[in-house]
Amino acid sequence: MRRAALALVAIMILVIFLPAAVVSLARDGRLPQPGKQGAGSSEPFTDRGPLIRLYRTDLKQVLELELEDYLVGVVAAEMPASFELEALKAQAVASRTYTLRRCRSWGGQGCELSPEPADICSESTHCQAWLDPGHLDLGWPEDKREELLHRIKTAVQETAGEIATYRGEPIEAVYHSTCGGQTESSHGLWEGGQVPYLQTVPCPYCIHSPHYRTEKLISYQALADTLPGTPAQPVTGSLPVEITLFTPGDRVGRLKIGDYTLEGKELRNRFQLPSLACSFQVDSRGIRADCKGKGHGVGLCQYGADGAARQGQNYHQIIAYYYSGAEITVLYP
Ligand SMILES: [Zn+2]
Ligand SMILES: [Zn+2]
């Protein structure tokens, strides 16, 4: 009798405490550690993800919305809806991961452009582009509108709760339009050490991009305006232009123009180059820049993702390729 009573107590203890233990194990086992503040700072997820505070730079307003709803507006704004579904899914995973890393409730820094606390803004050059899915103005033909929006929603829904992780940590899921044949290593462009999953990889998949190759002329006048002292008129043989440093991904790290030495980022900003995968030739009109790709070249190549998907790759493979060795982790539901 006494033994039966003990067994009953043991069962009651199990019934009361086991579910909590299981939940705790599930969280520890499945959730990667959020950024800098430790696991204790993460908020529980609903099946629509955490609430995020989006700073709309067009209206200068902060909007609160669920992550999954937010992502529909991001994928629509960041990738052509006509892309292969597996490419759209890779974009959804990358954007979800990118967003989570910025969430303050997950130890992220938020977006400092916003006058009041916000996790992320809708400015593509600062955080991540976003368009209100109810008022999309992407030049879609009216008769295709429903179908294209449905593709975007499908990509988000079919990857709901999935992020890209490396050794259990959400990755810094940066992406760009077109790499032009070879992606860039993060340490070739940005400060900070090597990031194991942001390494240069060959990309044979983005050749169909309209941005694969661009020729840009930097006129003598533009040179003289931007770099005082350089000749405003062509003087044969008098303007030495030389790439003095290459990045790991074969881009311009440093360029010498006459007496000036420009770092890659400065060069790109000053002369509005589409990328830094450029070669240069001086002729009678100025400096001709022959550039491959569009964007910084680090991480996911969007046109490359589309090309890889056309060749039958799925979004798991695309993510693991462009973020070397990363894998998909399910956070919710
Ligand atoms: Zn921002
Ligand atoms: Zn590419």
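Computed from the coordinates by the stated procedures, all read-outs in this text should not be read as laboratory data. All figures in this text were calculated on a predicted structure; none of them were measured in a lab. All Cβ positions, even for glycine, are placed from backbone atoms using ideal geometry, and neighbour counts span all protein chains on display.
Odds and ends about this structure:
- Among the GluC sites (Glu not before Pro) in segment 44-151, those placed in a DSSP loop whose Cβ has at most 14 other Cβ atoms within 10 Å are Glu112.
- Applying both filters, DSSP loop and at most 15 other Cβ atoms within 10 Å, to the trypsin sites (Lys or Arg not before Pro) of segment 43-141 gives Lys60.
- Cross-link partners of Lys216 among lysines, defined as those whose alpha carbon lies under 30 angstrom from its own and excluding same-chain residues fewer than eight positions apart: Lys256, Lys265, Lys292, Lys294.
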